[in-house]
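K.L.:
Structure incoming, see below.
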Amino acid sequence: MEKCLYSRKYTQRSGDKVKTKKRLVFLSVLCLVANAALAAGEGSLRAIKFDIPLSIKPAAVATEASSTQPPDKNKGEDFFTKNAIDGNLNTRWSSTFEEPQWLVVDLGDIYDVDKVIISWESAYAASYKIMLSEDRINWKDAYSTETGRGRVETITFPIAKTRYIKIDCIKKSGEWGFSIWEVSVYGKRKLVLF
């Protein structure tokens with residue numbers, strides 16, 4: 001059971017020790033089941049398939065937006081699209097003040113995605129959609145709301161294959177445009193144990 005490579009690799013991806021312990025037990029049990037099937041002399045190996053939660057890091061230059069607010073020279077602050085995926089909650093993307101606006105994140109490859117976390121600045125979207133695409137031509141709605149709350153919103157939806165994630169900001173919450181500190185994308189990776 002201790003030699004299950006997949007449980008070791010997975011725990012290194014997680015920064016949350018409590019969740020890591022729970023998931024490690026889950027993975028260890030699955031490894032144990034596979035080993036038990038072998039020990040029982042069942043003639044052939046049985047494959048056990050399961051999903052492992054996966055944090056997906058977008059490529060470094062993988063964002064585009066309908067607009068970007070010009071830099072604030074007095075504060076030395078810029079509002080580039082890349083700020084929304086740089087892992088830094090002190091930088092942000094900010095649009096101009098018109099409605100609607102959008103931000104597209106390119107994951108660099110196709111993943112099975114089921115969760116997006118948006119950390120909004122105070123200029124959040126009261127109404128927005130999350131759209132998914134494998135080719136950036138054909139888009140599917142994954143989520144929509146007309147009651148956006150701002151701050152940190154965790155959006156879950158049925159797992160779907162996607163490379164591009166579009167945050168379609170439809171209605172502003174106030175007088176400013178739309179502004180996002182960070183976008184985090186999560187999905188699942190299939191693993192097979194024999």
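K.L.:
Kindly establish whether ILE117 is at pLDDT 95 or above, of a type in the set (A, V, I, L, M, F, W, C) and in contact with a strand residue (DSSP E or B) (Cβ under 8 Å, 6 or more places away or on another chain).
P.N.:
For ILE117, the condition - at pLDDT 95 or above, of a type in the set (A, V, I, L, M, F, W, C) and in contact with a strand residue (DSSP E or B) (Cβ under 8 Å, 6 or more places away or on another chain) - is not met.
K.L.:
In this structure, is VAL116 surrounded by fewer than 20 Cβ atoms within 10 Å (Cβ to Cβ), hydrophobic (A, V, I, L, M, F, W, C) and not in a loop (DSSP other than H, G, I, E, B)?
P.N.:
On the way: surrounded by fewer than 20 Cβ atoms within 10 Å (Cβ to Cβ): no; hydrophobic (A, V, I, L, M, F, W, C): yes; not in a loop (DSSP other than H, G, I, E, B): yes.
No.
K.L.:
Taking GLY108, is it touching a residue at least 24 places away in the same chain (Cβ under 8 Å) and open to solvent by 30 Å² or more (accessible area, probe 1.4 Å)? Step through it out loud before you land on a result.
P.N.:
On the way: touching a residue at least 24 places away in the same chain (Cβ under 8 Å): yes; open to solvent by 30 Å² or more (accessible area, probe 1.4 Å): yes.
Here the answer is yes, as GLY108 does meet what is asked.
K.L.:
With LYS75, LYS140, LYS161, LYS171 as the choices, which residue is surrounded by fewer than 18 Cβ atoms within 10 Å (Cβ to Cβ), modelled with pLDDT under 90 and not acidic (Asp, Glu)?
P.N.:
On the way: LYS140 fails: modelled with pLDDT under 90; LYS161 fails: modelled with pLDDT under 90; LYS171 fails: modelled with pLDDT under 90.
Checking each option against the conditions leaves just LYS75.
The values are calculated or read from the model by the stated rules, or taken from the named source; none is laboratory data. Just so it is clear, the structure is predicted and the values come from calculations on it, not from any experiment. Counting neighbours? That spans all protein chains shown, and the Cβs are built from the backbone with ideal geometry, glycine included. Heavy atoms of the whole protein, side chains included, go into the accessibility calculation; ligands, DNA and RNA do not. Shrake-Rupley method; radii C 1.70, N 1.55, O 1.52, S 1.80 Å.
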